[in-house]
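Only one structure is covered here, and it is reproduced in the block below.
The values are calculated or read from the model by the stated rules, or taken from the named source; none is laboratory data. Since the model is a prediction, treat every value here as computed from it, not as a measurement. Methodologically, a virtual Cβ is constructed for each residue, glycine included, from the backbone with ideal geometry; neighbour enumeration extends over all protein chains shown. The area values use the complete protein model at the heavy-atom level, side chains included, leaving out ligands, DNA and RNA. Shrake-Rupley method; radii C 1.70, N 1.55, O 1.52, S 1.80 Å.
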Amino acid sequence: MKPMAHLGVGIGWRPEIADAVERLDGLDWVEVVAENVCPGHLPEALGRLRERGTRIVPHGVSLGLGGADRPDPDKLAALGERAVALGAPLVTEHIAFVRTSSPLLEAGHLLPVPRTRDALDVLCENVRIAQDALPVPLALENIAALFSWPGEEMTEGQFLTELVERTGVRLLIDVANLHTNRVNRGEDPAAVLDAIPLEALAYVHVAGGVERGGVWHDTHAHPVPPVVLDLLAELRSRVAPAGVLLERDDDFPPEAELAGELTAIREVLTATPRALPAAAGRPAVRAAATTDPVSEPEAGAKAVDEAGAEAVHQAARTRVGLGQAALLSALVAGTPVPEGFDRARIRVQVRALAAKRADVVAKVAPELPGILGGRAPYREAFLAYAKGRPMTAGYRRDALDFAEHLLIQDLPADPAARRRLTAWWRERAGARPPRRIVRWARALAGRAA
């Protein structure tokens, strides 16, 4: 595997801190959420960064390469377009699933895949499909998780190593997620770092979080704690990463605090690394398998083998899909928790998903809290709506469905607020609000269901 091009120290670019990012001294590169930028209409601040030579890497969050379905060609094309528009050296995504197709459900969040042979087979095939479709190399990130799957067959290190060996994909290692999984799943970050092929490392994420009730929440809204910087030092003792990036997505601090966190990261990277004997024994990654020319009889046998292999792959997809659908349905649709999961942790995840859903809808539709009288009444109304109404088509559609749900019930109670909500919904939905007879019919149908 070729060495990764040097990136340096960077920060996640967000519109809320765009001005501060432009002023940060010594900033080498930025990462943008791929789904939040349009190739033909880049934000002016992002365009200025590109003009002055700052590298920009698109970071996808919606492909769901760990899901049972093959990657959506349109989503792959969109990610590739952003890579080209930004002149990116690579694109990144996550080892996670985010939706199911049967039933049609959206998590609105990155959920862990089971570390099983079936899930690994599905993930590897999905990664190869993505690699063939993308114009630049792909790197995948380890995610933070609140719970573990029952019946897992591999450790995190084994899972990531085999993924790299079978696909040649690069890794984006988030050391904050390693800490999250230490607290929430009892995993040893040093053991993961010892096991994975660090020559496949693309770059590193660093972020903050908070512990509540024995559960670590990877919030990206808190300062980077010393324990995460210690893990960065652990990684640095094994390899000199091509790039390290600070992630911050909410509760943005003053510019000086952002600069201070970047300085702390640089200090870790420039400190003399400790020698770790265990790193020397790590096996090198094997190259992904290649095919040789075959004779005609061999080609026929190969076709038969490929047909059998496809049946095996499809059976694996079916098993993975059933498991993911049962879990996601429990998380967002109120169905029973599948056997073997930690029910307390699943309840924590249910609350976290609902809270995140409310927060993101408020961001994509910031007028709604104002119309409903403030953040608290908005949140109360949204959480009541979301209970038993899973998201199926993304956050923007969710905002429209929430508004329609309120209007069907003749809410808000204040007529002026209801008129404002009606106008807001009509402007975005391009239709008239349901008439009273339709609202009654829908309400009765909902009660009957």
What does DSSP give for the chain in terms of the percent of beta bridges that are antiparallel, rounded to the nearest 5? 20 percent
Which far-off residues, 5 or more places away or on another chain, put their amide H under 5 Å from the one on Arg55, with H placed in the peptide plane? Val30
Tell me, what is the percent relative contact order of the chain, built from C-alpha pairs under 8 Å that lie six or more residues apart? 14 percent
Quickly work out the Asp19-to-Ala417 label distance, labels modelled 7 Å from Cα along the C-beta direction, and quote it in nm with one decimal. 3.2 nm
Helix-only [θ]222 nm of the chain, DSSP H runs n ≥ 4, -39500 (n - 2.57) each, per residue, nearest 500: -16000 deg cm²/dmol
Any idea how far the Cα center of the range 1-37 sits from the one of the range 321-338, in Å? 36 Å
From phi via Karplus (6.51, -1.76, 1.60), per-residue ³J(HN,Hα) for the range 3-15 in Hz, x at Gly/Pro: x, 6, 4, 5, 10, x, 9, x, 9, x, 7, 9, x
For the range 1-97, listing trypsin sites (Lys or Arg not before Pro) in a DSSP loop whose Cβ sees at most 15 other Cβ atoms within 10 Å gives Arg52
Could you tell me the accessible area of Leu86 in Å² (1.4 Å probe, neighbours in place), rounded to the nearest ten? 10 Å²
Count charges around Leu245 for me, please; just the other residues with Cβ under 12 Å from its Cβ, Lys/Arg as +1, Asp/Glu as -1. -4
Could you look at the chain and say what percent of its accessible area is carbon and sulfur, using a 1.4 Å probe and all protein chains? 55 percent
What ³J(HN,Hα) values, in whole Hz, does the Karplus curve 6.51 cos²θ - 1.76 cosθ + 1.60 give for the range 70-79 when θ = phi - 60°, with x put for Gly and Pro? 5, x, 5, x, 5, 5, 5, 5, 5, 5
Once phi is turned into ³J(HN,Hα) by the Karplus curve 6.51 cos²θ - 1.76 cosθ + 1.60 with θ = phi - 60°, what whole-Hz value does each residue of the range 31-43 show in order, with x for glycine and proline? 10, 10, 5, 4, 6, 9, 10, 10, x, x, 9, 5, x
Solvent-accessible surface ranking, highest first, for Asp19, Asp250, Asp121 at 1.4 angstrom: Asp19, Asp250, Asp121
Send over a whole-number figure in Å² for the accessible area per residue of the chain, probe 1.4 Å. 46 Å²
Let me know the number of lysine pairs in the chain closer than 24 Å at the Cα, not counting same-chain pairs under 8 apart. 4
